[in-house]
Amino acid sequence: MTYPRIQKSDGSQEKFDPEKLRESLLKSGASKEEAEDVVEHILSEVKDGTTTKFIYDHAFELLKQAEGGVAARYSMRRALAELGPSGFPFERFVGELFRAEGYEVEVGKELEGECVSHEVDIVAQMDGDWVVGEVKFHKESHVKSDVQVALYVHARFMDLKKSNFDGIADDKEPHGTLITNTKFTSHAIKYGECAGLEMVGWSYPEKGNLQDRIEQSMLQPLTMLTKLSGAEKRVLLESGHALCREIRDNPEILDEVGIDRGKQEAVIKEVRAVCHL
C-alpha cells in the first residue's frame, strides 16, 4: 500500500508510517484495540502535506477517551518541554531523576578545568560511579540536539578531565554525559559514539533512554496531566511542584494553589493512572 507523504516540523517530508504511530501508542500504554482504532482513524484523514503536529494532536485527542492515563503518557515529550527554563528548570528535574536512581547529586556546581572554570549542571555519584552531566533543554519538543552541542559538551568534559575534575572524584574518573529532553541528530549520535560521550535523550539509547528512566523512577512531570489547564500547570510549577507523585503523595497542594475542588478528584485519578498505582 502507498501511503501519503507527511510534513515534519522541520519542513521536510517523509512517507507516513502507520507502524511507527502504532508503536508509539502501544508504548504509551494503549491496548492493541485502542491503538488500532487510532491508527485507522488517522489513516482515514491523513493525506499528502498533512503535518506531524496534526497527527500527534489528533491521536492525543482520541487517546483522551482511553482509561489508564494513556493520553498523558503519550504526551510526555511535549510535557518535558513545558517544564521550561524557569519555574522548575529541566536540570532540576534531571537532578531528581538521578536522586531517584540512588545517586547523591549537586546541581550547578562550579569546577575548575585546566583552561577555564565550568558551571556543571549535574554532578552525581553512587558507589564510586561519578557522572558529570551537561543538560540541554529545548522549549520546542521537535528541536533536536545537534553535533555542535555534542562537540561543545565533550570539549568541556576534556578540559575538566585534564584537571582531574577539580579533584572531586579522587582516583575515580567521572564519565561525561549529555542529557536532553528531545532527540539527537544522527551526526550527534555518530560523534558521541566515536568520542565516548554518553548521551541520554528521547528514544536514545535504545535502553536507558530518557522516557525509560522517567517511567522506571516514577518521576513523571505533572505537565503530562490532561485534567489540568496550562494556567494551572504554570501555577504549580511556579510554586516549586513539578512531579505527578507530589500530587499523589500530597493532594492538598491542589487546594494550596487554588485548583477547584470539583476538579481535584479527576486530577488525582489521572495521577494514579499515570504513576501506575
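The values are calculated or read from the model by the stated rules, or taken from the named source; none is laboratory data. Worth saying up front: this structure is predicted, and the values here are computed from it rather than measured. Here the Cβ is made from the backbone with ideal geometry for all residues, glycine too, and neighbour counts use every protein chain on show. In case anyone asks, the SASA skips ligands and DNA or RNA and just uses the protein heavy atoms, side chains included. Shrake-Rupley method; radii C 1.70, N 1.55, O 1.52, S 1.80 Å.
Taking every Cα atom in the range 86-155, find the radius of gyration and the maximum pairwise distance Dmax, and write them in Å.
Both quantities, over Cα of the range 86-155: 13.2, 36 Å.
Give me the orientation-averaged projected area of the Cα convex hull of the chain, in nm², one decimal.
Seen from a random direction, the Cα hull of the chain projects 16.1 nm² on average.
Measure of size requested: the Rg and Dmax of the range 26-170, with Cα atoms as the atom set and Å as the unit; please supply both.
Cα radius of gyration and Dmax of the range 26-170 are 20.5, 61 Å respectively.
At a 1.4 Å probe, what is the % contribution of carbon and sulfur to the accessible area of the chain?
47 percent
Can you list the HN-Hα couplings for the range 196-205, worked out from phi with the Karplus curve (6.51, -1.76, 1.60; θ = phi - 60°), rounded to whole Hz and with x for Gly and Pro?
x, 8, 5, 9, 10, x, 6, 6, 9, x
Round to the nearest 0.05 the FRET efficiency obtained for Ser239 and Glu67 when R0 = 22 Å and r is the Cβ-Cβ distance. Don't jump to the answer; show the numbers that get you there.
Working: r = 29 Å, r/R0 = 1.33.
Calculated value: 0.15.
In nm, what is the difference between 0.36 nm times the number of residues separating Val257 and Lys172 and their Cα-Cα distance?
Using 0.36 nm per residue and subtracting the Cα-Cα distance, I get 26.1 nm.
Take the alpha-carbon centre of the range 132-175, take the same for the range 27-75, and report the distance between them in whole Å.
Centre-to-centre distance over Cα atoms comes out at 36 Å.
Specify the residue with the greatest mean-square fluctuation among Ala30, Ala266, Ala59, computed from a Gaussian network of the chain linking alpha-carbon atoms under 10 Å apart.
Most flexible of the set in this elastic network: Ala266.
Across every pair of different alpha-carbon atoms, what Kirkwood hydrodynamic radius in Å does the range 199-257 reach?
For the range 199-257, the Kirkwood estimate is 12.6 Å.
How many Å³ per residue does the convex hull of the Cα positions in the range 120-204 occupy?
Normalising the Cα hull of the range 120-204 by residue number yields 91 Å³.
Roughly how many Å² is the accessible area per residue of the range 111-155, as a whole number, for a 1.4 Å probe?
Dividing the accessible area of the range 111-155 by its residue count gives 50 Å².
Among Glu198, Glu119, Glu134, determine the one that fluctuates most according to a GNM of the chain built with springs between C-alpha atoms less than 10 Å apart.
Evaluated over the chain, the most mobile residue of the options is Glu119.
Just the C-alpha atoms of the range 231-277: what Rg/Rh do they give, with Rh taken as the Kirkwood radius?
Rounded to two decimals, Rg/Rh equals 0.93.
What share of all Cα pairs of the range 154-256, in percent, falls into each consecutive 5 Å distance bin?
P(r) over the range 154-256, rounded to whole percents: 2, 10, 16, 14, 12, 14, 13, 10, 7, 2, 0.
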